[in-house]
Amino acid sequence: MLSVLALAGCVSAPQPPQVPANLQPPAGQTFVMEALASGVQIYDCAAKADGSGPGWVFKAPEATLADQRSNPLGKHYAGPTWEAPDGSKVVGEVKARAPSPTPETAIPWLLLAAKSNSGSGVFATVRSIQRLNTGGGVEPAEPCTTEKLGQQARVAYTAAYYFYR
């Protein structure tokens, strides 16, 4: 009976889904935790760097993080940064991307590497982060025009983040 309960516990633990090879964390890293994000992707209407006129430019995410039971796990914001209630943080940089299964309505899936860590809590030893199972967050469909320069759009999104050490 005890082995059945142990097996049931393993089955219910969050596990990262299968992803394209380029989104796999480096060999030797182990899965730490899953955090479900709910928030917005922020875009600014600004002049394009290439001089071709105005366009939507990604600025930052702004989201809360929770486990599968809706218990708070922290927040996600510009950097990109993930911060836990224990004060630990990880700042990432994109290493690889792949289109979501619904690229017209959901932002890409990503593999990020830790650029810096701080604190002594849950995010202090994170080395890789996957952004998967995205919903929403794509650039606004409404055009960014000269009349709208300086305006900001906050587009709702959800994602699952998987952390590895």
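The values are calculated or read from the model by the stated rules, or taken from the named source; none is laboratory data. Source: prediction; values computed, not measured. Counting neighbours? That spans all protein chains shown, and the Cβs are built from the backbone with ideal geometry, glycine included.
Of all the residues in region 23-57, those that are in a strand (DSSP E or B), within 14 Å of the chain's Cα centre (by Cα) and not small (Gly, Ala, Ser) number 6. Only one entry in Val90, Val138 is buried (at least 16 other Cβ atoms within 10 Å of the Cβ), at pLDDT 95 or above and not in a loop (DSSP other than H, G, I, E, B), namely Val90. Return a yes/no flag: does region 58-65 have any residue that is out of contact with any Phe, Trp or Tyr (no Cβ under 8 Å at 6 or more places or on another chain) and not aromatic (Phe, Trp, Tyr). Yes.
Every listed requirement among (1) under 17 Å from Tyr77 (Cβ atoms); (2) surrounded by 19 or more Cβ atoms within 10 Å (Cβ to Cβ); (3) within 14 Å of the chain's Cα centre (by Cα); (4) not aromatic (Phe, Trp, Tyr) is met by Gln130 save one, (1). Among the residues of region 70-80, is any part of a strand (DSSP E or B), within 22 Å of Phe31 (Cβ to Cβ), in contact with a Lys or Arg (Cβ under 6 Å, 6 or more places away or on another chain) and without any contact (Cβ under 8 Å) to a residue 24 or more places away in the chain? Within region 70-80 (the criterion being part of a strand (DSSP E or B), within 22 Å of Phe31 (Cβ to Cβ), in contact with a Lys or Arg (Cβ under 6 Å, 6 or more places away or on another chain) and without any contact (Cβ under 8 Å) to a residue 24 or more places away in the chain), the answer is no, since none of the residues qualifies.
Inside region 10-52, can you point out the residues that are small (Gly, Ala, Ser) and surrounded by 12 or more Cβ atoms within 10 Å (Cβ to Cβ)?
Ala35, Ala37, Ser38, Gly39, Ala46, Ala47
Among the residues of region 141-163, how many are basic (Lys, Arg) and in a strand (DSSP E or B)?
1
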